[in-house]
Amino acid sequence: MLSDAQKDDLARILRPVAPPRELDNVYTQDQLQRLLGVVRSSGPHKLIIAQHFASAEELIATSAGGVPEGVTPTLDMFLSPTFRNFYANYSTCLFPEISDCFYNDKFLELAKSYWGARYAKPQMMLFNVNGPCGNTDPGHLDSPSFRGVRYENSPTWLCSVMGKSGLFRDYLIKMAQVITWFSYDPSSGFTYWPDGPRAAPKRLKPPIYNRGVLVQNEMMVHRGEANGPVEQQFPAGLDFSSVFAGDPSSRDHWVVKTGDAVIARYHTDELRFLVHWSAEVFEDFAELKKNMDHTADLTFDQVFDTLIKDVRSKGIHVETPTDPLHDPVFIRTINSAYDIGRPTIYPPEAPVSRLRTAA
């Protein structure tokens, strides 16, 4: 159990390089139609949770706080109908029809100005999409990247714990995101803790249609908010195999399917659609070169040796595992050394949805 002083020290790590900047009219109507067109033409799309986590321990390691005492966590508890896929990765646009959205000069200038840096390159672009959806997420970090240990080659939980620990700051890759929402929901916004999760939050207030933030989400606890009618937020029949796709019978509608069964159907106006654009940023040419030539990269052995040594220095017993990337006991133990719990304050307009458990 961490002391309040230890939690305060760790909370001070979880702050972005600068406060998020709110943005309006981020995309043109033509760009939005092409972005949605890719969602339709490239589907079906899997649940976020089904893509990134092999166990409840891995998911919990990315979030702020665990589960209620006495409850054994399972991935089913966190199941929600939010789906994801990539527009671009590895600095490469995967769909030529939206290349202007990814290779975006305006966004690159924003990223450089956010850090006061000379250089930036687009790295990744993805979307999240859902209809009415509850949110059991108490707050989380996006997956940070470090030289040698990156979101592309590492489990999400490991990158998150590396960021929360503060032990690998010298290897942290500077990143900036332009995150944009399209939602007509009158009560659904974006909650974030720019001064750390033990300070008061800020909120991008609804309506959030074509509004966004410029931010460093890897080092700031944040959460999207629930949207849509409560009775529709967790459709019956949802499981890890469920997928999201365009309705073949209507250009204005979308479906969630489990197997061959349609379990939900939405009009485009009912969607909460998020577009996440991310760039790597380099203070100067020396930093650019160090990142590109891989002469100062971390290895997994270095990372695990550092984490195990630090956790043991806190008086926490941890075994050296044979499979540190996926051992649930090891993940739970390592995460507990840096888990400061849920944020202290939530906006009253944006409560956390209850986990899907009777406990």
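The values are calculated or read from the model by the stated rules, or taken from the named source; none is laboratory data. Just so it is clear, the model here is predicted, and its values are computed rather than measured. Cβ coordinates were reconstructed from backbone atoms using ideal geometry, including for glycine residues, and neighbour counts include every protein chain displayed. Note: accessible area is taken over every heavy atom of the protein model, side chains too, but ligands, DNA and RNA are not part of it. Shrake-Rupley method; radii C 1.70, N 1.55, O 1.52, S 1.80 Å.
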(request) Give the accessible area for Y119 in Å² (nearest 10); use a 1.4 Å probe, count only protein heavy atoms, and leave out ligands, DNA and RNA. (result) 70 Å²
(message) How high is the relative contact order of the chain? Use alpha-carbon pairs under 8 Å, at least six apart in sequence, and give a whole percent.
(response) 28 percent
(request) Report the accessible area of R265, computed with a 1.4 Å probe over the heavy atoms of all protein chains in place, in Å² rounded to the nearest 10. (result) 120 Å²
(message) Taking every pair of distinct Cα atoms and averaging 1/r, then inverting, what Kirkwood hydrodynamic radius in Å comes out for the stretch 56-195?
(response) 17.4 Å
(message) Let's see if you can work this out: charge +1 on each Lys and Arg Cβ, -1 on each Asp and Glu Cβ, no other charges. What is the dipole magnitude of the chain about its Cα centre, in debye to the nearest 20?
(response) 460 debye
(request) Keeping the other protein chains in place, figure out the carbon and sulfur percent of the accessible area of the chain, with a 1.4 Å probe. (result) 52 percent
(request) Provide the gained length on full extension for the span I13 to T92, in nm with one decimal, where the gain is 0.36 nm per separating residue minus the Cα-Cα distance. (result) 25.3 nm
(request) Enumerate the residues in the stretch 212-239 having an amide nitrogen under 14 Å from the point lying 7 Å beyond the Cα of R203 toward its Cβ. (result) 223-227
(request) Rank Y87, Y266, Y338 by mean-square fluctuation in a GNM of the chain with C-alpha springs under 10 angstrom and give only the top-ranked residue. (result) Y266
(request) Specify whether the C-alpha gyration tensor of the stretch 241-359 places it in the rounded, prolate or oblate class, a ≥ b ≥ c being the square roots of the eigenvalues: rounded for a/c under 1.5, otherwise prolate if a/b is larger than b/c and oblate if not. (result) prolate
(request) Report, in deg cm²/dmol and to the nearest 500, the calculated mean residue ellipticity at 222 nm for the chain, where each DSSP H run with n ≥ 4 adds -39500 (n - 2.57) and the sum is divided by the residue count. (result) -7000 deg cm²/dmol
(request) Express in Å², to the nearest 10, the accessible area of R342 obtained by rolling a 1.4 Å probe over the protein heavy atoms while all chains stay in place. (result) 100 Å²
(request) Take a quick pass over the chain and tell me how many lysine pairs come in under 20 angstrom between Cα atoms, counting only ones 8 or more apart or on separate chains. (result) 18
(request) Could you tell me which of T320, A337, A350 has its Cα farthest along the dipole of the stretch 300-357 towards the positive end, charges placed at Cβ (Lys, Arg +1; Asp, Glu -1), taken about the Cα centre? (result) A350
(request) Taking all protein chains together and a probe of 1.4 Å, list H326, H222 from the most accessible to the least accessible. (result) H326, H222
(request) State the label only: which of (i) 64, 21, 17; (ii) 31, 26, 19; (iii) 35, 23, 18 corresponds to semi-axes √(5λ) of the Cα gyration tensor in Å computed from the shown model? (result) (ii)
